[in-house]
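One structure is given here, and the rest of the page talks about it.
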Amino acid sequence: LVNNNGTYSLVNAQATIGNVGYATLAEALAAAQAGDVVTIFATTINGNLVINKSGITVVGETDANGNNLVTVNGKVSISGSNITVKNINVTNAGSDAMTISGGNILVENCNITGYNGLRSCYANNGDVTIKNCVVTGTVYGVHFDAGEGDGDVIIENSTITGWTSFGAAVENVTITGTTFTDGNYNLVRFYQNATVTNCIFPTANAGNHTSGGMRIDVGNGGAGMAGVTISFTGCTTADGES
């Protein structure tokens with residue numbers, strides 16, 4: 001805590017909660033209570049970042065043009081409930097860039113790049129929303145293993161590269177205004193009812209989902225998937241064909 005005779009200063013602070021400056025982000029997160037907004041000043045964090053305090057908002061600083069000024073070279077792990085994480089770049093080429101476990105979680109305006117973008121994710125007792133994000137995975141783009149309780153996955157106005165899949169315990173999936181780009185694994189797999197609106201998918205060029213085009217399937221094509229409905233409205237391929 002940056003402190004001078006009982007008054008607080010933001011000089012040399014890495015993060016703030018309200019008008020209180022903290023020398024490190026770890027100190028700010030340790031002090032945060034439900035309802036607090038932790039603001040991270042422009043920095044590069046070399047290592048993993050754990051956000052596990054329910055009810056808090058973690059916001060990275062941006063420049064005048066809205067570009068993120070906070071970068072994490074490692075994995076960001078989010079767990080709990082009623083958590084918002086905004087304006088952070090995450091890079092983890094050798095593993096998962098971000099994991100999520102909880103409900104009523106919002107990840108907004110983040111650039112997430114890794115061997116897997118979002119992996120080992122769970123929507124538990126509340127929705128998980130990915131909004132205005134760019135998620136790039138060498139293998140998985142967005143992968144939710146499961147969920148419990150009333151947990152939906154909502155993706156809005158984002159760009160996703162990599163295999164995207166939603167485990168059977170996720171209640172429902174809603175994807176809106178999102179572009180899926182051409183990568184190593186162009187596949188979207190649903191195990192539940194889903195609504196897909198105004199999305200763009202890669203244009204087929206080699207006739208399979210590992211090299212151009214997009215494979216979209218329900219479950220693994222086996223038993224137990226009867227009655228699952230996927231609704232597509234206003235979707236096109238990248239060359240503009242519906």
Interchain or long-range residues, amide H under 5 Å from TRP163's placed H: TYR140, GLY141, TYR185, LEU187
Spin-label model distance (nm) - ASP217 vs ALA30, 7 Å beyond Cα toward Cβ: 4.9
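Per residue and in cubic angstrom, what volume does the convex hull of the Cα atoms of the range 51-186 have?
Working: hull volume 12.1 nm³, N = 136.
For the range 51-186, the hull spanned by Cα atoms encloses 89 Å³ per residue.
Based on the Cα gyration tensor of the range 123-199, what are the three equivalent ellipsoid semi-axes, each the root of five times an eigenvalue, rounded to whole Å and given largest first?
Numbers: eigenvalues 75, 36, 22 Å².
Its equivalent ellipsoid spans semi-axes of 19, 13, 10 Å.
Per residue, what accessible area does the chain have, given a 1.4 Å probe and all protein chains present, in Å²?
Here the per-residue accessible area is 43 Å².
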Within a Gaussian network of the chain (alpha carbon springs, distance under 10 Å), most fluctuating of LEU25, LEU118, LEU187: LEU25
3J(HN,Hα) from dihedral phi, the range 157-171, Karplus parametrisation 6.51/-1.76/1.60, rounded to Hz, x for glycine, proline: 6, 10, 10, 10, 10, x, 4, 10, 8, 10, x, 4, 7, 5, 5
Sequence-distant residues sharing a close amide H with CYS235 (under 5 Å, placed H): ASN198, CYS199
Globularity index of the chain, i.e. its alpha-carbon radius of gyration over 2.2 N^0.38 Å: 1.08
Candidates SER120, SER231, SER101: whichever shows maximal mean-square fluctuation once the chain is modelled as a Gaussian network with Cα springs under 10 Å: SER231
Within a Gaussian network of the chain (alpha carbon springs, distance under 10 Å), most fluctuating of GLY103, GLY80, GLY137: GLY80
Whole-Hz ³J(HN,Hα) from phi, Karplus 6.51 cos²θ - 1.76 cosθ + 1.60, for the range 126-141, glycine and proline x: x, 7, 10, 10, 10, 9, 6, 10, 10, 10, 10, x, 5, 10, 8, x
Contour excess over end-to-end distance, with Cα ends at THR43 and VAL228 and 0.36 nm allotted per residue: 62.1 nm
Cα Rg, Dmax (largest Cα-Cα span) when computed across the range 44-123, Å: 11.8, 34
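Have a look at the DSSP beta bridges in the chain and tell me what percent are antiparallel, nearest 5. Show your work: numbers first, answer last.
Values: 10 of 93 bridges.
Rounded to the nearest five, the antiparallel share is 10 percent.
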Inter-part distance where the range 130-205 and the range 67-103 are each reduced to a Cα centre, Å: 17
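The values are calculated or read from the model by the stated rules, or taken from the named source; none is laboratory data. In this text, all values refer to a predicted model and were calculated from it rather than measured experimentally. Glycine gets a Cβ as well: all are built from the backbone with ideal geometry, and neighbour counts include every protein chain shown. To get the accessible areas, we keep the full protein, side chains included, count just its heavy atoms, and leave off ligands, DNA and RNA. Shrake-Rupley method; radii C 1.70, N 1.55, O 1.52, S 1.80 Å.
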